[in-house]
Amino acid sequence: MTRNNEDGKSPSKSFITGAVALAFLLIGYQTAVFIHRAATLKILSSSPDTVYVAVRTAGNDGPSTTSGSSADSPSGGQVPPSGYRTGAIHSRGTNGNYSRKEEVKERFSERQCENFRFDPNTATIDELRRLGFSLRQAEAIDNYRSKGGRFRRKSDFAKSYVVEDSVFRRLEPYIDIPRIDLNKADSAQFETLPGIGSYFASRMVEYRKKLGGYSYPEQLMDIYHFDREKYDALKDLVEIATPPRPFALWTLPLDSLKAHPYIRTYTAAKAIILFRENNPASALTVSNLAEAGIIDRESASKLERCALVSP
């Protein structure tokens with residue numbers, strides 16, 4: 001026998017045992033797959049857990065309520081005792097398997113994905129699910145937001161671990177994250193911007209009051225220590241949707257002129273009043289104020305970009 005095995009004329013006992021074991025493993029695997037598929041199909045085809053409650057009507061004896069599973073419903077063939085009426089109550093946790101059923105349905109059921117414009121910072125769980133996210137994914141996004149997280153840009157939403165690349169590519173054209181209106185936002189909204197804490201948020205509101213409203217976003221860099229790097233980090237997240245209050249440069253009194261950030265001094269404010277009193281309306285321009293040396297060139301270039309009341 002040993003010689004035959006060595007010559008390859010007949011299989012060894014260990015080979016035969018291994019082959020039989022492998023065959024049983026394959027049969028067991030196929031059986032498990034079949035049972036799993038059958039169980040999954042049954043869950044997908046079943047209705048949510050339902051409790052049917054039979055309530056005693058007036059004038060009848062007997063227990064006040066009886067309950068059972070969906071198999072106890074009238075459609076299942078079980079008739080409530082005489083003098084009872086039935087009502088259905090759908091309830092999570094009725095038999096401890098509802099969450100598991102929902103998980104299986106969530107995983108194997110085909111969801112109809114919709115495409116519509118949405119803000120990932122405000123979309124409800126139901127809207128996120130309509131967009132194609134599973135319940136767990138939608139809840140993860142909502143949990144991130146509830147803890148103070150915010151998607152400032154589309155790219156931030158793409159970085160979320162529950163947003164797959166293929167899903168983001170489909171949804172990217174529909175993502176609509178509103179920019180912050182510099183003339184309408186409060187300090188709390190400004191604090192959501194990158195690099196802006198409570199200090200700069202309050203300075204942004206304070207400077208807006210002095211200007212009578214921002215005329216262009218670059219005015220943020222007039223704020224002390226608000227440099228180009230800080231501005232570049234948020235310039236795509238802000239806008240001026242609400243127009244500022246036009247500055248009545250040619251009619252305001254001295255104190256009001258002096259309070260403007262681009263005029264500032266009593267001397268400049270007084271000179272503007274003298275200039276407008278001694279020149280025709282056609283000569284009342286910011287560039288002429290700079291030519292006359294009343295305000296410096298840098299301040300004049302900034303003032304020219306502001307909303308001004310015509311003379």
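Things to note:
- Residue pairs, from the table Lys159/Lys235; Lys147/Lys235; Lys159/Lys184; Lys235/Lys258; Lys159/Lys209; Lys209/Lys230, whose Cα atoms sit over 31 Å apart: Lys159/Lys209
- Region 185-311 - percent of accessible surface contributed by carbon and sulfur, probe 1.4 Å: 52 percent
- Computed from the Kirkwood radius of its Cα pairs, the Stokes-Einstein diffusion coefficient for region 108-216 at 37 °C and 0.692 mPa s stands at 209 µm²/s.
- Debye, to nearest 20: dipole size of region 238-304, +1 on Lys, Arg Cβ, -1 on Asp, Glu Cβ: 160 debye
- Debye log10 I(q)/I(0) at q = 0.11 Å⁻¹ for region 199-311, Cα point scatterers: -0.38
- Accessible surface of Cys306, taken over heavy atoms with a 1.4 Å probe and every protein chain present, rounds to 20 Å².
- Averaged over its residues, region 143-236 has an accessible area of 56 Å² per residue, based on protein heavy atoms and a 1.4 Å probe.
The values are calculated or read from the model by the stated rules, or taken from the named source; none is laboratory data. From a predicted model like this one, the values you see are computed outputs, not experimental measurements. FYI the Cβ positions are ideal-geometry reconstructions off the backbone, even for glycines, and counts take in every protein chain you see. We work out accessible area using only protein heavy atoms, side chains counted, and drop any ligands, DNA or RNA first. Shrake-Rupley method; radii C 1.70, N 1.55, O 1.52, S 1.80 Å.
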